[in-house]
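I have placed the structure first, in the form of structure tokens, so that the comments after it can refer back to it.
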Amino acid sequence: MHRSGGTLIFSATDLSDFLACPQLTLLDRRTALGGPKPRKFDDPSLEVLRKRGHEHEQAFLERLIAGGRGVAEIEDPGPGLHPVERWRGLADRTLERMREGADVIYQGVLFDGGWLGRPDFLLRVETPS
């Protein structure tokens with residue numbers, strides 16, 4: 001959860017956190033609204049998990065490409081834009097790739113102004129949705 005201007009923006013992680021512990025959501029909201037940030041604790045295992053997750057993602061991407069799937073990557077322009085405009089622009093690009101019929105969209109963005117999603121992969125299906 002974070003705030004951009006006067007808008008709170010939520011993610012799937014925020015929903016999971018709320019289901020696990022509503023108190024955590026209150027603490028995250030307090031931080032997003034300018035309150036104190038929680039203390040960080042070093043956990044070396046998190047870096048190992050992050051690295052393995054990245055390796056798995058790259059291996060899956062390589063398998064898709066080797067299998068002949070066309071992959072459209074949604075490139076992030078970086079933090080120079082206002083966050084809401086950045087997310088909207090990335091979501092618009094994701095929708096454009098969907099409409100063009102991309103087999104795979106890598107690092108897409110789904111954003112409706114309040115909820116933000118960052119799927120690693122969106123795979124085309126032939127069934128209309």
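Within region 108-118, can you find the residues that are in contact with a strand residue (DSSP E or B) (Cβ under 6 Å, 6 or more places away or on another chain) and either closer than 19 Å to GLN58 by Cβ or open to solvent by 90 Å² or more (accessible area, probe 1.4 Å) (or both)?
Once the filter is applied, which keeps residues that are in contact with a strand residue (DSSP E or B) (Cβ under 6 Å, 6 or more places away or on another chain) and either closer than 19 Å to GLN58 by Cβ or open to solvent by 90 Å² or more (accessible area, probe 1.4 Å) (or both), region 108-118 yields GLY108, TRP115.
Answer yes if at least one residue in region 119-129 is more than 19 Å from MET1 (Cα to Cα), outside any helix (DSSP H, G or I), open to solvent by 40 Å² or more (accessible area, probe 1.4 Å) and among the polar types (S, T, N, Q), and no otherwise. Yes, region 119-129 contains at least one residue that is more than 19 Å from MET1 (Cα to Cα), outside any helix (DSSP H, G or I), open to solvent by 40 Å² or more (accessible area, probe 1.4 Å) and among the polar types (S, T, N, Q). Checking GLY67, GLY80 one by one, the residue that is over 16 Å from the mean Cα position of the chain (by Cα), at pLDDT below 95, on the phi < 0 side of the Ramachandran plot and exposed (fewer than 11 other Cβ atoms within 10 Å of the Cβ) is GLY80 and no other. Considering (1) modelled with pLDDT of 95 or more; (2) more than 15 Å from the chain's Cα centre (by Cα); (3) surrounded by 13 or more Cβ atoms within 10 Å (Cβ to Cβ), the lone condition that ALA91 does not fulfil carries the number (2).
Condition first: at pLDDT 90 or above, open to solvent by 50 Å² or more (accessible area, probe 1.4 Å), hydrophobic (A, V, I, L, M, F, W, C) and closer than 22 Å to HIS82 by Cα. Can you find one or more residues in region 6-19 that meet it? There is at least one residue in region 6-19 that is at pLDDT 90 or above, open to solvent by 50 Å² or more (accessible area, probe 1.4 Å), hydrophobic (A, V, I, L, M, F, W, C) and closer than 22 Å to HIS82 by Cα.
The values are calculated or read from the model by the stated rules, or taken from the named source; none is laboratory data. All of these numbers come straight from a predicted model, not from anything done at the bench. Counting neighbours? That spans all protein chains shown, and the Cβs are built from the backbone with ideal geometry, glycine included. Keep in mind that these areas ignore ligands, DNA and RNA; they rest on the heavy atoms of the full protein, side chains included. Shrake-Rupley method; radii C 1.70, N 1.55, O 1.52, S 1.80 Å.
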